[in-house]
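Each value in this text was obtained by applying a stated rule to the coordinates, not by laboratory testing. These numbers come from a predicted model, not from an experiment. Counting neighbours? That spans all protein chains shown, and the Cβs are built from the backbone with ideal geometry, glycine included.
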Amino acid sequence: MHGHFNGEVWGAAVHPREPVFVSCGGDKTLWKWNLTKMVKASEPFECDIKAIDWSPDGNFLVVGGEAGNLFSVNAESFDIISKV
């Protein structure tokens, strides 16, 4: 895999302490990258995801969907913890 496979990349965020970042986009997925390659991709969310950021401790992600939904996501497993 080389990147998001459908749609546009809408958001990216750098980990607060580690050399990794996450991206999200029009293919409804999150991707985790180290500095040279993709290391993990999520299952598709229910909608395009437009924004993403890390918690200060790097354990969680906050993801914003196109319909105004907010998701709290485990940064390691990409499991959705909660949805508002």
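Please compute the length gained on full extension between K83 and E8, using 0.36 nm multiplied by the number of residues separating them and subtracting their Cα-Cα distance.
24.7 nm
Find the relative contact order for the chain and round it to a whole percent, using C-alpha pairs within less than 8 Å whose residues are 6+ positions apart.
Here the relative contact order equals 20 percent.
Where a Cα-Cα gap under 20 Å defines reach, which aspartates and glutamates qualify for K37, not counting those fewer than 8 residues away within the same chain?
Result set, ordered by chain and number: E8, E18, D27, D53, E76.
DSSP loop trypsin sites (Lys or Arg not before Pro) in the range 22-84 with at most 13 other Cβ atoms within 10 Å of their Cβ, which ones?
Of the trypsin sites (Lys or Arg not before Pro), the ones in loops of the range 22-84 whose Cβ has at most 13 other Cβ atoms within 10 Å are K37.
Please sort by residue number the chymotrypsin sites (Phe, Trp or Tyr not before Pro) in the range 1-83 whose DSSP state is loop and whose Cβ has at most 16 other Cβ atoms within 10 Å.
Of the chymotrypsin sites (Phe, Trp or Tyr not before Pro), the ones in loops of the range 1-83 whose Cβ has at most 16 other Cβ atoms within 10 Å are F5.
Give me the mean projected area, in nm² to one decimal, of the convex hull enclosing the Cα positions of the chain.
Average projection, Cα convex hull of the chain: 4.9 nm².
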